[in-house]
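Presented below is the structure to which this report refers.
The values are calculated or read from the model by the stated rules, or taken from the named source; none is laboratory data. Since this is a predicted model, take the numbers as computed values, not measurements. FYI the Cβ positions are ideal-geometry reconstructions off the backbone, even for glycines, and counts take in every protein chain you see.
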Amino acid sequence: MENFDQTYIGTGPISVIDACFVNSAGSSVLMIDEKNQLGGAWVAINVGDYGHLEIGCHIWSYNKKAYDFLQTFFDLDLIELTPQPYFIKGKTRLIYDHKNGLTTLKNSLGYLKKFDLKKLGGYLRHHPAARLPLFPKKYLYPKGGARDLQKAIEEKVANSTITTALQTQITTLNKLDAGWELVTAEGKTYNTKKITLTATSAIKEINYLGKTIQLTHRYLNYTHFHLVVKNELLKPCSYIRVLDDKVIHRISDITYQLETKVDKGYTVILVGVFDAELAEFENAGDNDEKATKYILDYLVRKGFLDNDPTIAFAQKNKFETTYIAPEQIAEINNIDESISVMGTTDLIYGVYFKLKDWIKA
Ligand SMILES: Cc1cc2nc3c(=O)[nH]c(=O)nc-3n(C[C@H](O)[C@H](O)[C@H](O)COP(=O)(O)OP(=O)(O)OC[C@H]3O[C@@H](n4cnc5c(N)ncnc54)[C@H](O)[C@@H]3O)c2cc1C
């Protein structure tokens, strides 16, 4: 049986970039994913006749170094979002970078109150979002959304000697005298010297030196509606984080991401909804129609659509994710250097924090 130098459980962009550096330095690499495609949360799914559209992730935070790196590494075409992403609460609208500025101010004051100048300096120098923007930074995004990033990931892996095992779920990790044995749900095994997990790697059990970690997970469904309306938006929107609704948490106009053109006047809107609130619609009988109507009413109320918009196509998509408990991430990272968890919840900040390692490589 082949014994890989390094194995990644998960094929999200951060894992893939890391794997490419390890592989180009001469190590044999295996990448495993339980899904049938590479990309982790940066994947696209088929939406009726409208082609492949993003389903998991939808926004890049701002960081110039990470933007430059991703653009070059994946050869991506990045566009400036218009208008820039913003938060909405009632009549208040706050653009993302100004919200960042407020958070920076709040955190800095917190350190100053404690006279902790060392932590304040570290925060201002090293946190990728720490800035007080007079002139807000421009948020960029791949021209075709997550689909472009996913295609670029596939291309990078195809042009490497990385081995992939898709539709393969790892349940157990067993420490051997040298390296690790990975066991799949079907009982198949792989051997590797080193393992990299992510915070979303849904492993059940890790056995090492006579000890066992039974992993406890937090399960989260991210549900989105892809809605094609036969209406133009009355005011433009790229990405809106909704703070004033119990069901809807985000809205994006993703018409610009379509590979095939829609008829003039059609708009493709992606709406993220809270899963728990959606369950109330589901429990009450006909769910999707009611939920769709609820979303359209919100868009009309907020002035994005005219009264009585017409739906051409609607699709509800669930994206299931599992998070490892933070204290167990720490426990795994403490086993030894042959196993680690890359814990990140944000692509741009995750890339920024890894840049030094990658550039050194
Ligand atoms: C629904 C969703 C939306 C998000 N939106 C954004 C966003 O808009 N912007 C942003 O910057 N970040 C977002 N994130 C955070 C996102 O996780 C990171 O941007 C980035 O994808 C992290 O990359 P990663 O390599 O760490 O792993 P991930 O991209 O999380 O990929 C982990 C992969 O591991 C696989 N996996 C898990 N367990 C197993 C197992 N036991 N066996 C085999 N395979 C397994 C999963 O199938 C998954 O494909 C979002 C995350 C989720 C889940």
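Among residues of region 186-205 that are without any contact (Cβ under 8 Å) to a residue 60 or more places away in the chain, those with a Cβ under 8 angstrom from a residue that is polar (S, T, N, Q), sequence gap 6+ or separate chain, pair up as Lys188/Thr168; Lys204/Thr171; Lys204/Thr172; Lys204/Gln214; Glu205/Thr171; Glu205/Thr172; Glu205/Thr212; Glu205/Gln214.
Evaluate the following for Asp75: is it of a type outside the set (S, T, N, Q), modelled with pLDDT of 95 or more and surrounded by fewer than 20 Cβ atoms within 10 Å (Cβ to Cβ)? So Asp75 passes the test. Using the structure shown, decide if Ser201 is out of contact with any strand residue (DSSP E or B) (no Cβ under 7 Å at 6 or more places or on another chain) and of a type in the set (Gly, Ala, Ser). No: the conditions fail for Ser201. Of the residues making up region 234-253, one or more are in contact with a strand residue (DSSP E or B) (Cβ under 9 Å, 6 or more places away or on another chain), modelled with pLDDT of 95 or more and of a type in the set (Gly, Ala, Ser).
Scanning region 326-361 for residues that are under 26 Å from Ala146 (Cα atoms) and in a loop (DSSP other than H, G, I, E, B) returns Gly343, Thr344, Thr345, Asp346.
Among the residues of region 198-232, those identified as surrounded by fewer than 18 Cβ atoms within 10 Å (Cβ to Cβ), among the hydrophobic types (A, V, I, L, M, F, W, C) and more than 17 Å from the chain's Cα centre (by Cα) are Leu209, Ile213.
Please pick out the residue among Asn3, Asn46 that is polar (S, T, N, Q), more than 9 Å from the ligand (Cβ to nearest atom), in contact (Cβ under 8 Å) with a residue 40 or more places away in the chain and surrounded by fewer than 21 Cβ atoms within 10 Å (Cβ to Cβ). Don't jump to the end; show me each part of the working.
Working: Asn46 fails: in contact (Cβ under 8 Å) with a residue 40 or more places away in the chain.
Of the residues listed, the single one that is polar (S, T, N, Q), more than 9 Å from the ligand (Cβ to nearest atom), in contact (Cβ under 8 Å) with a residue 40 or more places away in the chain and surrounded by fewer than 21 Cβ atoms within 10 Å (Cβ to Cβ) is Asn3.
Against the list (1) of a type in the set (Gly, Ala, Ser); (2) more than 18 Å from Ser61 (Cβ to Cβ); (3) assigned to a helix (DSSP H, G or I), the condition Gly101 fails is (2).
Filter region 67-86 for residues that are within 16 Å of Val16 (Cβ to Cβ) and acidic (Asp, Glu) and give the result.
Quick first cut of region 67-86, residues within 16 Å of Val16 (Cβ to Cβ) only: 69-76.
Listed by number, the list holds a single entry, Asp75.
Within region 338-345, identify whether any single residue is closer than 25 Å to Asp244 by Cα and either of a type outside the set (Phe, Trp, Tyr) or within 20 Å of the chain's Cα centre (by Cα) (or both), and answer yes or no. Yes, region 338-345 contains a residue that is closer than 25 Å to Asp244 by Cα and either of a type outside the set (Phe, Trp, Tyr) or within 20 Å of the chain's Cα centre (by Cα) (or both).
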